Amino acid sequence: MGLNRRGFFNVLAVTGASLAVGKKTVASPKSEKEIEFYGILYDSTRCVACRTCEYECAAAHGLPEPQPEVEAIRKTDETCNTVVNTFQTENGEVYTKRQCMHCNEPACAAACLTQAMHKSKTGPVTWNGDKCMGCRYCMVSCPFDMPKFEYQSTNPKIQKCDMCMERQQAGEVPICVANCPAEAVLFGKRRDLINEARRRIYENPDQYVDHIYGEHEAGGTGWLYLSSVPFEELGMNTHLRHSSYPELTKGFLYSVPSVFVLVPTLLLGIHQATVNNHLKVDDNDE
Amino acid sequence: MITMNKEIQLAADRGGKSIWKFLLSELKPRGKWLTPFNLISIPIILVGLALILLRFAEGLGAVSNINQEIPWGLWKGFNVVTGVAFAGGAYVLTFIVYILKVDKYHSIVRVTVLNGFLAYMFYAGALVLDLGKPWNIFNPIIGNSFGASSVLFLVAWHFLLYIVAQLIEFSPAVAEWLGAKRAHKILSGLTLGAVIFGITLSTLHQSGLGALFLMASEKIHPLWYNEFIPLLFLVSSVFAGLSMVIFEGSISQRVFFRKISSKNREARNNMVQSLSKICAFGMFAYLFMHFLVFIHGQHWNLLNTPMGYWFLIEMIGFVAVPMGVFFYASRTSSLLLSRVAAIITIVGIIVNRLNVSIIAFRWDAAVRYVPSWMEIVVSITIILIQIWIFRWVISRMPVLDEPPKWANNSH
């Protein structure tokens, strides 16, 4: 039985589809849905800005105790892993806790050439000082500017929230969650947290803006935010990509093996061609 | 017996001295000490070395103005990212000479490779200064710390391998200097392999240095950030490297006048003309790519802002204008105009690389990064030491002048 025109096109279509599907499965072997990350839901409508989390976090991580009187809007730095900021909005004072977002696909971990920045299987993004060489490429890459470097130290560390990795391994919740008097932070599986956040928005539509910050930002983050005002009013970057940052370098990284095969082959080919040419010219000269 | 004979013969090549005495005598300075270059460079280098000590004693923050939001400063942006672009001449010229077999450039390939090799060595040096924990620098190379998903991991590996490739490319000159004939034969045989390997590595890490910034998509001003940064970096490294070859050649020709034979001197002028043409075409391709990226990005409204004016200055003043001058210079075979264009191009490349890595990086930050005087002195120190070593090698090894007669036979 010969292959007629229609049959040929069918074969083409099937091959093409299988190629496309095959590529898709290869490109994302670990989709976010297969892995259950733990995360934390922060509800700014419940936060009372008591800054207990700041004090407890500093104590638990051996960092200096925070100042009692502080400016309304601060950034985390090498001496504090989390800050609670106060914003004046149309809904009155609204508070926001800031810390590392623990992205599902963190730019810092993809940037790290020693795997010192590492996304653990349970969710926290942690830093390993024995591997880090202090190049600060994680800081260049992080869309939230969260890794902080000890510039004044001769043996510097990268400081940032580690979602209390050690406490989690011991079966405890992160220190900020354990000590929040207002239950503004909730620890759990990320998927459950998103459902809980949706439930809160659904049941109190007047209290919340219809947006869970961190559900899609930067391809999804471990920390999720609820707010009564649009997030840009809380100093959150709302112009971030909704897909992961490491994806931006995938094209380049995937091209490397092909370059390594194609370029030397091409060069050798040209070299061979010019070798013969060269000999002929020499013969003519002599 | 044979080895003894060989030793005697080698010793004859070195003027009858043993290898250690020879090396010792070669370490001594030659010529006048009190040249203007020495008088200016020695104090700067001394201050720079003191600042480097301070940096290791007190931490990076003691000398550098880099901060939590702009973590890469002058040492990374200028000495590393910009320096590598200028070292691009080595892979372009080895391609022309060893792959395309265009013999007329043969006399400048060695000096260019030497330049590239030294640039890479000092780029590594600047990197070590900038690392917070430099004692962990071998982690990505040994042990279980392969961050294979990192662009920087690739850049680091390519860089390391390329240093080795360049060393092999240059090694025949070292063998000629030491009079090691056997080694010379073996090392010359490795050249083609090293060249092919080196060109491949160069394409990957010239573009890789651009790819480093791909993840900083919101941090770099949209006029400079685009997904084609790697390609733009690669294309611009061609004319950046060749402009450096033209510029460096014009200085070498004056400083090392006696080293270059009159035949080569004439050939060099002819080369500058051809290199100018290559630069002009490269810049045309680069400009065209930028134009496409710009149209595609739809950033017309951004042009009428201070950053937009700065972008136009870079594109017109430092790419389009020197491109035109290069074209005109190659037409009229004007050596002077070629050199002028090369200098404008070099400044333009510095502007471009600093724009991507520092100036347009977090252009909206509340606290702008301005390098401290100490960072600038250290940056200059690195370059000056590089020039010192370059001069030392040039005045001892057969780089600019013809190799010894025995070396030609084994080619």
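Based on what the data block shows, is B:SER357 touching a residue at least 12 places away in the same chain (Cβ under 8 Å), farther than 30 Å from B:GLN253 by Cα and surrounded by 15 or more Cβ atoms within 10 Å (Cβ to Cβ)? Considered against the rule, which asks whether it is touching a residue at least 12 places away in the same chain (Cβ under 8 Å), farther than 30 Å from B:GLN253 by Cα and surrounded by 15 or more Cβ atoms within 10 Å (Cβ to Cβ), B:SER357 comes out as yes. Would it be correct to say that B:LYS181 is over 23 Å from the mean Cα position of the chain (by Cα) and more than 24 Å from B:PHE95 (Cα to Cα)? For B:LYS181, the condition - over 23 Å from the mean Cα position of the chain (by Cα) and more than 24 Å from B:PHE95 (Cα to Cα) - is met. Listed by first and then second residue, the pairs with beta-carbon distance under 6 Å, at least 6 apart or on different chains, first residue in region A:125-138 and more than 8 Å from chain B (Cβ to nearest Cβ), second β-branched (Val, Ile, Thr), are A:TRP127/A:ILE158.
Of everything in region A:42-66 that is closer than 21 Å to A:LEU226 by Cα and acidic (Asp, Glu), the residue that is surrounded by the fewest Cβ atoms within 10 Å (Cβ to Cβ) is A:ASP43.
Of everything in region A:213-259 that is of a type in the set (Gly, Ala, Ser) and without any contact (Cβ under 8 Å) to a residue 12 or more places away in the chain, the residue that is farthest from the other protein chains (Cβ to nearest Cβ) is A:SER258.
If you go through region B:182-213 and keep only what is out of contact with any Pro (no Cβ under 8 Å at 6 or more places or on another chain), in contact (Cβ under 8 Å) with a residue 60 or more places away in the chain, farther than 28 Å from B:LYS76 by Cβ and within 12 Å of another protein chain (Cβ to nearest Cβ), you end up with B:LEU192, B:VAL195. When the residues of region B:134-170 are filtered to those that are crowded, with 21+ Cβ neighbours inside 10 Å and either in a loop (DSSP other than H, G, I, E, B) or among the small types (Gly, Ala, Ser) (or both), the one that is farthest from the other protein chains (Cβ to nearest Cβ) is B:ALA165. Residues in region B:31-84 that are within 12 Å of chain A (Cβ to nearest Cβ) and not in a helix (DSSP H, G or I): B:GLY59, B:VAL63, B:SER64, B:ASN65, B:ILE66, B:ASN67, B:GLN68, B:GLU69, B:ILE70, B:PRO71, B:TRP72, B:GLY73. Kindly indicate whether B:ALA240 is crowded, with 24+ Cβ neighbours inside 10 Å, more than 14 Å from every other protein chain (Cβ to nearest Cβ), touching a residue at least 24 places away in the same chain (Cβ under 8 Å) and in a helix (DSSP H, G or I). Yes; evaluated as a whole, the condition is true for this residue.
Here B:LEU100 does not fit the description of being over 23 Å from B:GLY59 (Cα atoms) and away from every other protein chain (no Cβ under 13 Å).
Let's see how each residue does on (1) in contact (Cβ under 8 Å) with a residue 24 or more places away in the chain; (2) surrounded by fewer than 14 Cβ atoms within 10 Å (Cβ to Cβ); (3) farther than 30 Å from B:PRO222 by Cβ:
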| residue | (1), (2), (3) |
| --- | --- |
| B:ARG362 | yes, no, no |
| B:VAL367 | yes, yes, no |
| B:PRO371 | yes, no, no |
| B:GLU375 | yes, no, no |
| B:ILE382 | yes, no, yes |
| B:ILE394 | yes, no, yes |
| B:VAL399 | yes, no, yes |
| B:PRO403 | yes, no, yes |
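Might you let me know whether region A:83-94 holds any residue that is of a type outside the set (A, V, I, L, M, F, W, C), buried (at least 20 other Cβ atoms within 10 Å of the Cβ), part of a loop (DSSP other than H, G, I, E, B) and at negative phi? The answer is no; no qualifying residue exists. The test for being away from every other protein chain (no Cβ under 14 Å), small (Gly, Ala, Ser) and over 16 Å from the mean Cα position of the chain (by Cα) holds for B:SER274.
Per the listing B:VAL378, B:VAL399, the residue uniquely under 25 Å from B:LEU114 (Cα atoms), in contact with a Lys or Arg (Cβ under 9 Å, 6 or more places away or on another chain) and modelled with pLDDT of 95 or more is B:VAL378.
Can you work out which of the residues in region A:139-166 that are without any contact (Cβ under 8 Å) to a residue 40 or more places away in the chain and outside any loop (DSSP other than H, G, I, E, B) is surrounded by the most Cβ atoms within 10 Å (Cβ to Cβ)? The extreme case among them is A:VAL140. For the residues B:MET323, B:MET289, B:MET283, the requirement of being within 19 Å of B:HIS221 (Cβ to Cβ) and in contact with a helix residue (DSSP H, G or I) (Cβ under 8 Å, 6 or more places away or on another chain) singles out B:MET289.
Residues in region B:356-373 that are assigned to a helix (DSSP H, G or I) and out of contact with any Lys or Arg (no Cβ under 8 Å at 6 or more places or on another chain): B:VAL356, B:ILE358, B:ILE359, B:TRP373.
The values are calculated or read from the model by the stated rules, or taken from the named source; none is laboratory data. Computed from a prediction, not measured in an experiment: that's the story for all the values here. All Cβ positions, even for glycine, are placed from backbone atoms using ideal geometry, and neighbour counts span all protein chains on display.
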